[in-house]
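The values are calculated or read from the model by the stated rules, or taken from the named source; none is laboratory data. Worth saying up front: this structure is predicted, and the values here are computed from it rather than measured. No Cβ is skipped: glycine too gets one built from the backbone with ideal geometry, and neighbour counts run over all protein chains shown.
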């Protein structure tokens with residue numbers, strides 16, 4: 001799992017660096033455009049001040065020329081021409097200011113839209129990163145359960161659950177659990193749905209409990225071979241202190257053979273809340289108020305970076321038949337989402353990675 005997570009992390013880091021570079025360029029262009037707009041307006045106002053002075057001088061010259069009578073007639077012509085030139089310069093200055101302001105405003109809007117689009121694309125990438133990380137993690141859980149279901153101690157106990165075999169498999173499951181700390185417990189069940197042995201009997205009293213009514217057990221009985229598995233949605237498990245778990249099952253078969261006769265069911269309970277929270281909190285979003293979420297196929301929150309809404313909150317995703325996208329809801333909140341792509345033989349359960357900011 002570490003290698004897969006590291007590859008994804010490296011890819012994400014490169015993507016984030018590219019996004020940051022793009023954001024820096026956009027910010028630079030926006031700043032320079034704002035500076036050009038400010039400079040243009042300032043210079044236009046300076047020109048207008050000068051033309052106002054020219055017009056005032058021309059007006060004073062006309063007044064003085066009228067007092068001079070016939071001797072000032074020639075000077076009056078010059079003063080009138082200066083006044084006319086000042087008026088034309090003022091008109092050009094106003095037109096220049098209007099056009100520059102309009103064009104820089106359009107440019108600023110384009111930059112803002114481009115930045116918003118880039119931010120949205122980055123959020124979709126982060127949503128994909130979140131769901132990809134969990135997919136790779138859960139793929140390994142499907143490998144674990146199929147492998148451990150062939151363990152000789154597991155097979156022997158399922159075939160003949162004598163006290164000695166039960167004791168032996170319980171010790172074996174405990175050894176596995178100590179090495180794989182991402183699980184809360186491992187259960188070996190018979191075909192009637194009774195727990196024969198568990199890995200953590202000192203903490204959870206589950207031996208002899210019936211799980212026959214659970215969906216994951218019913219689905220496990222329908223598995224066609226030892227190569228198949230059951231991946232359950234997130235649920236709270238009463239026998240494990242009501243902790244939220246992801247349960248994975250494989251059938252235990254005679255001789256550990258994939259096509260052997262079914263003998264029992266091995267169920268492993270992934271410590272969902274702890275592991276999933278580490279993933280969503282590890283997604284780097286440049287907004288402290290943004291939420292990174294995992295939601296199931298019913299849009300129920302199954303993990304959140306702020307720890308809120310677990311298994312109780314529903315996010316009204318407007319996916320409109322798309323596997324990924326970004327949009328703003330009625331409140332102006334930006335929402336990005338990406339459907340699980342699955343990983344290797346793990347096809348996913350229709351979950352989504354979601355970023356809300």
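Structure above, values below:
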| read-out | value |
| --- | --- |
| Subset tally (residues that are surrounded by 18 or more Cβ atoms within 10 Å (Cβ to Cβ) and either touching a helix residue (DSSP H, G or I) at 6+ places or on another chain (Cβ under 9 Å) or at pLDDT below 95 (or both)) for segment 298-314 | 5 |
| Residues satisfying the stated conditions in segment 301-317, i.e. outside any loop (DSSP other than H, G, I, E, B) and farther than 21 Å from residue 136 by Cα | 314 |
| Looking only at segment 104-128, and only at residues there that are touching a residue at least 40 places away in the same chain (Cβ under 8 Å) and farther than 17 Å from residue 334 by Cβ, the one that is surrounded by the fewest Cβ atoms within 10 Å (Cβ to Cβ) | 105 |
| Residue ID - modelled with the highest pLDDT, chosen from residues in segment 279-297 that are farther than 20 Å from residue 246 by Cα and in contact with a strand residue (DSSP E or B) (Cβ under 7 Å, 6 or more places away or on another chain) | 291 |
| Total residues in segment 222-246, condition more than 32 Å from the chain's Cα centre (by Cα), farther than 17 Å from residue 148 by Cα and either surrounded by 14 or more Cβ atoms within 10 Å (Cβ to Cβ) or assigned by TED's automatic domain parsing to the domain that holds residue 344 (or both) | 1 |
| In segment 318-341, the residues that are in a loop (DSSP other than H, G, I, E, B) and surrounded by 17 or more Cβ atoms within 10 Å (Cβ to Cβ) | 340 |
| Search result, residues across segment 342-357 that are in a loop (DSSP other than H, G, I, E, B), surrounded by 15 or more Cβ atoms within 10 Å (Cβ to Cβ) and at negative phi | 349, 351, 357 |
